[in-house]
1. State whether one or more residues within the stretch 96-104 are part of a helix (DSSP H, G or I), among the aliphatic types (A, V, I, L, M), at pLDDT 95 or above and within 15 Å of the chain's Cα centre (by Cα).
2. I need the full set of residues from the stretch 121-144 which are assigned to a strand (DSSP E or B) and surrounded by fewer than 19 Cβ atoms within 10 Å (Cβ to Cβ), in order please.
3. All but one of (1) under 16 Å from Phe168 (Cβ atoms); (2) surrounded by fewer than 20 Cβ atoms within 10 Å (Cβ to Cβ); (3) acidic (Asp, Glu) hold for Asp272; which doesn't?
4. Among (1) of a type in the set (Val, Ile, Thr); (2) open to solvent by 30 Å² or more (accessible area, probe 1.4 Å); (3) within 25 Å of Val217 (Cβ to Cβ), which single condition is Ile57 missing?
5. What's the total number of residues in the stretch 65-78 that are open to solvent by 30 Å² or more (accessible area, probe 1.4 Å) and either under 11 Å from Val128 (Cα atoms) or more than 21 Å from the chain's Cα centre (by Cα) (or both)?
6. Of all residues in the stretch 82-108, which are out of contact with any strand residue (DSSP E or B) (no Cβ under 8 Å at 6 or more places or on another chain), farther than 14 Å from Ala273 by Cβ, among the hydrophobic types (A, V, I, L, M, F, W, C) and open to solvent by 10 Å² or more (accessible area, probe 1.4 Å)?
7. Looking only at residues in the stretch 276-304 that are assigned to a loop (DSSP other than H, G, I, E, B), open to solvent by 10 Å² or more (accessible area, probe 1.4 Å) and β-branched (Val, Ile, Thr), which one is modelled with the highest pLDDT?
8. Please determine, by comparing only the residues of the stretch 153-165 that are open to solvent by 50 Å² or more (accessible area, probe 1.4 Å) and either within 16 Å of the chain's Cα centre (by Cα) or touching a residue at least 12 places away in the same chain (Cβ under 8 Å) (or both), which one is nearest to Lys190 (Cα to Cα).
Amino acid sequence: MKKLVLIIHAIVLIIYVISVNGSSTNAGAIGLSVDSELHHVYNQQEVVNVVSIHRPITVENYFQFMDSIVKSYDSITPYTLSEHLLVRANPWIIDTLKHTDYYIMKARDSFVYNQKKMIALPKGNTIVIPDAIRAKKLVGTFQKTTIDINIPEFKLRIYEDTILIHEFPIRVGRNEKKYLEMSGRVQDLKTKTGQGVIVGYEKYPRYVNPANNHEYVVTNRDDKKVTKLPQIPFIETEINGLRYGQLIHPTTNPETLGKAYSNGCIGTNEADAWVIYYYMPLETKINIRYDLDVINTVGDRLVLKDIYSDTKKN
């Protein structure tokens, strides 16, 4: 059905081009404005769908805007369009989102109090809707992607098959037990090991201290400045068939990376969190392990500190 709709869509567009220009041939691409946001480009062989950004899109409006694109084009693409597919086909979007990181902006001598007001999609840029060939290749890439986390190494790695694509520093759960008002019981705060998948996201996260169930909207940064909390998706994992509430999410205090510091969740830099999110569509496989014996990048064997005083290996 989608293919039929796409063919009809293309025929109508060609007829329109002929009526406007008097000819269906043109050495260059012809841009046709459909409305204020959506455009089509016609060339000699195919219709390429392009979204032109006519006004700056802020972080707080980013997901709503992306959802509107997916909804508009999913009915005419010969595949199921998703936000992850769309962004991975336009990698410049990830680069732009990464640069809303407070500490990246600070290094540029720019203080950001409210990340939600920053520009996620600048005016004048365009977003290409991937064709069927590109989409199929990306879906294949998603299916071959795995996430590897080694707790005592404080590393999160993204692999495509056996090829390392990304490596990020993380923080992990503390080696202690504590009563958490959120759950109403004493919890082991160590990050759980095992194999599982990504099962959900929270695109508009609430920041809640599980110890006292208090929600907060501002954060004390490592430089002692106070800012609003950023809007970056939290990623929900299911490990060994169980949902522990063990999330992958950014921390506003990167000085805690490389430490057992959290209430069990896996913390990352703000910029890294955007990359991780777009490399983790639903059902992406994840392996969380506790390996003390590792090989470094030059082939040397290292024995890591046993931060949980636990010699188990997964």
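The values are calculated or read from the model by the stated rules, or taken from the named source; none is laboratory data. Model, not experiment: these values are computed from the prediction. Because the Cβ atoms are built from the backbone with ideal geometry, glycine has one as well, and the counts that use them run over all protein chains shown. These area figures cover heavy atoms from the full protein model, side chains too; ligands, DNA and RNA do not enter into them. Shrake-Rupley method; radii C 1.70, N 1.55, O 1.52, S 1.80 Å.
1. Within the stretch 96-104, one or more residues are part of a helix (DSSP H, G or I), among the aliphatic types (A, V, I, L, M), at pLDDT 95 or above and within 15 Å of the chain's Cα centre (by Cα).
2. Those that are assigned to a strand (DSSP E or B) and surrounded by fewer than 19 Cβ atoms within 10 Å (Cβ to Cβ): Thr126, Val128.
3. Exception for Asp272: condition (2).
4. Of (1) of a type in the set (Val, Ile, Thr); (2) open to solvent by 30 Å² or more (accessible area, probe 1.4 Å); (3) within 25 Å of Val217 (Cβ to Cβ), only one is false for Ile57: (2).
5. 3
6. Trp92, Met105, Ala107
7. Top of the filtered list is Val298.
8. Lys155
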